[in-house]
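Reading through the structure tokens given below for one structure.
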Amino acid sequence: MNKPLTTEAGPTGDLALYIHWPFCVSKCPYCDFNSHVRDSIDHAAWQSALLADMAHEAALTPGRRLSSIFFGGGTPSLMPPSIAAALIAAAQRHWTFAPDIEITLEANPSSVEAARFADLAAAGVNRVSLGLQALDDTALRFLGRAHDVTESLAALDTAQQVFDRVTFDLIYARPGQSETDWQTELTRALAFGTGHLSLYQLTIEPGTRFESMVRKGDFPAPDPDHGATLYELTQAMTEAAGLPAYEISNHARPGQESRHNLTYWRYGDYVGIGPGAHGRRNGIATQRHKKPENWMAAVDRNAHGLKSEDILLPEDRGTEALLMGLRLREGVDLERIAAMSGVAREALLNDDAVFHLSALGLVKAEGQRLTVLPPGMLLLDAILPQIVV
């Protein structure tokens, strides 16, 4: 039986491990890994390098308990299962595993990747995150996805047969998507019975293909009022289905929350290995070399792929903890953040703004607990700069 998560990770608490597999199998229209497409990969060399990078981080975090492992990328579901097994086994040697450790792998919902699911589960992966993104073929083509709905639902069915826990994502507020359209799509998504869903509004980020399309008039910029309507519909439908939002875009049955992502949002320590991976450990921000060849050369040279290690100032740690934690329905423990960062509450928080926003019903301050209320989540990007000093 799944138990609700109550432990908040901290500098001396549980640790999370992120493993980045950078290779894509085809050009990716929505990320920056196009240069990482490879016809052939020296898997033995990559396994050896990732193990060395992990060993370096383990030596700097001795005696810690590992609560989660996350394989991201790239296309990590096309990593040979033998490499995944070797990395999981090495992690268990380096750290103590939590009894219910979560081991997640990101996957595209293709038939090629689904064919590896059973072997990946045998390697130790117990949770898969599928990038479905839409349940409409026209929308998938707009989003630049190679799969269609039939293929993605076949992959979802395979995943649910193989893995203990399955989540998938959808993007809404797409051009031309009406309230009825989204209600129908989300109803269908909820009927699949997964314990977790990630539901994101389409955003137009600077420098992306979508920004260029909006600028050229290929489709109109998203209407924020329509997006707010769809957001409120999303909250109501997922709540009624027993998957309430525990983070602004993530919904889960109690106990099915992403433990790995909770480590980020609760500002716990995590180590990242592989090209481009970031980490936070012992008050230090780490970053690996992004280009695979540069990362591999660094591992050969130094036995790790680190590009930089920056000591985080107390004010930066406190601010980051607030910005991450206020995305959560549970909010933040201000006393914990002050103790963790060494910065007093009044130096981190604008109490006048908190008082004003509380009167408007957008945030709630109760003792040392500060939360953004559901109406405030709609305005989170505007609220955070007001209350975080």
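Looking only at the stretch 67-86, filter to residues that are buried (at least 23 other Cβ atoms within 10 Å of the Cβ) and modelled with pLDDT of 95 or more; which one of those is farthest from Val112 (Cα to Cα)?
If we take residues in the stretch 67-86 being buried (at least 23 other Cβ atoms within 10 Å of the Cβ) and modelled with pLDDT of 95 or more, then Ser67 is farthest from Val112 (Cα to Cα).
Of the residues that make up the stretch 364-383, is at least one polar (S, T, N, Q), closer than 30 Å to Gly283 by Cβ and not in a loop (DSSP other than H, G, I, E, B)?
yes
Within the stretch 211-264, can you find the residues that are of a type in the set (Phe, Trp, Tyr) and at pLDDT below 90?
Phe219
Which of the residues that make up the stretch 156-175 are under 25 Å from Thr138 (Cβ atoms) and out of contact with any His (no Cβ under 8 Å at 6 or more places or on another chain)?
Residues satisfying the conditions are Leu156, Asp157, Thr158, Ala159, Phe168, Asp169, Leu170, Ile171, Tyr172, Arg174, Pro175.
Going by the structure shown, is Asp157 more than 21 Å from Ala89 (Cα to Cα) and either of a type in the set (Asp, Glu) or in contact (Cβ under 8 Å) with a residue 60 or more places away in the chain (or both)?
Criteria met by Asp157.
The conditions are (1) at positive phi; (2) surrounded by 18 or more Cβ atoms within 10 Å (Cβ to Cβ), and Asp333 fails exactly one of them. Which is it?
(1)
Could you list, in sequence order, the residues of the stretch 238-268 that are surrounded by 14 or more Cβ atoms within 10 Å (Cβ to Cβ) and more than 22 Å from the chain's Cα centre (by Cα)?
Answer for the stretch 238-268, where residues must be surrounded by 14 or more Cβ atoms within 10 Å (Cβ to Cβ) and more than 22 Å from the chain's Cα centre (by Cα): just Ala241.
Working carefully through the options Asn108, Asn126, find the one that is among the polar types (S, T, N, Q) and within 22 Å of Ala91 (Cβ to Cβ).
Just one listed residue meets the conditions, Asn126.
Counting just the residues of the stretch 94-137 that are among the hydroxyl-bearing types (Ser, Thr, Tyr) and in contact with a strand residue (DSSP E or B) (Cβ under 7 Å, 6 or more places away or on another chain), which one comes out nearest to His196 (Cα to Cα)?
Taking the candidates together, the pick is Ser129.
Sort out which residues of the stretch 244-272 are touching a strand residue (DSSP E or B) at 6+ places or on another chain (Cβ under 6 Å) and closer than 13 Å to Leu15 by Cβ, and write them in order of number.
Residues of the stretch 244-272 that are touching a strand residue (DSSP E or B) at 6+ places or on another chain (Cβ under 6 Å), as a first pass: 245-247, 249-252, 256-257, 259-260, 263, 265, 269-272.
Selection gives Arg259, His260, Thr263, Asp269, Tyr270, Val271, Gly272.
Does any residue in the stretch 43-68 that is over 15 Å from Ile273 (Cβ atoms) come within less than 7 Å, Cβ to Cβ, of a residue that is part of a helix (DSSP H, G or I) six or more places away or on a different chain, and which pairs are these?
As it stands, the answer is His43/Ile83; Ser67/Arg259; Ser67/Thr263, since those pairs meet every condition given.
Residues are listed down the side, and each one gets a yes or a no for (1) at positive phi; (2) of a type in the set (A, V, I, L, M); (3) in contact (Cβ under 8 Å) with a residue 60 or more places away in the chain:
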| position | (1), (2), (3) |
| --- | --- |
| Asn108 | no, no, no |
| Ala115 | no, yes, no |
| Ala118 | no, yes, no |
| Gly124 | yes, no, no |
| Leu130 | no, yes, no |
| Leu135 | no, yes, no |
| Arg141 | no, no, no |
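Yes/no per residue for (1) surrounded by 15 or more Cβ atoms within 10 Å (Cβ to Cβ); (2) over 19 Å from Thr75 (Cα atoms); (3) of a type outside the set (Val, Ile, Thr):
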site: Arg93; (1), (2), (3): no, yes, yes
site: Ile103; (1), (2), (3): yes, no, no
site: Asn108; (1), (2), (3): yes, no, yes
site: Glu113; (1), (2), (3): yes, no, yes
site: Ala121; (1), (2), (3): yes, no, yes
site: Leu143; (1), (2), (3): yes, no, yes
site: Phe168; (1), (2), (3): yes, no, yes
site: Ile171; (1), (2), (3): yes, yes, no
site: Arg174; (1), (2), (3): yes, yes, yes
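Every residue, every condition in (1) part of a loop (DSSP other than H, G, I, E, B); (2) in the same structural domain as Gly124 (by TED's automatic domain parsing); (3) out of contact with any strand residue (DSSP E or B) (no Cβ under 7 Å at 6 or more places or on another chain); (4) not β-branched (Val, Ile, Thr), yes or no:
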{"residue": "Gln177", "(1), (2), (3), (4)": "yes, yes, yes, yes"}
{"residue": "Trp182", "(1), (2), (3), (4)": "no, yes, no, yes"}
{"residue": "Leu199", "(1), (2), (3), (4)": "no, yes, no, yes"}
{"residue": "Pro206", "(1), (2), (3), (4)": "yes, yes, yes, yes"}
{"residue": "Pro220", "(1), (2), (3), (4)": "yes, yes, yes, yes"}
{"residue": "Thr229", "(1), (2), (3), (4)": "no, yes, yes, no"}
{"residue": "Gly242", "(1), (2), (3), (4)": "yes, yes, yes, yes"}
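Filter the stretch 344-353 down to the residues that are among the small types (Gly, Ala, Ser) and either surrounded by 19 or more Cβ atoms within 10 Å (Cβ to Cβ) or free of Cβ contacts under 8 Å to residues at least 24 places away in the same chain (or both) and list them by number.
If the condition is that a residue be among the small types (Gly, Ala, Ser) and either surrounded by 19 or more Cβ atoms within 10 Å (Cβ to Cβ) or free of Cβ contacts under 8 Å to residues at least 24 places away in the same chain (or both), then Ala344 is the only one that fits.
Mind counting the residues in the stretch 208-218 that are outside any helix (DSSP H, G or I) and among the β-branched types (Val, Ile, Thr)?
1
The values are calculated or read from the model by the stated rules, or taken from the named source; none is laboratory data. Quick caveat, the model's predicted, so the values are computed rather than measured. Every residue, glycine among them, receives a Cβ derived from its backbone with ideal geometry; neighbour counts consider all protein chains shown.
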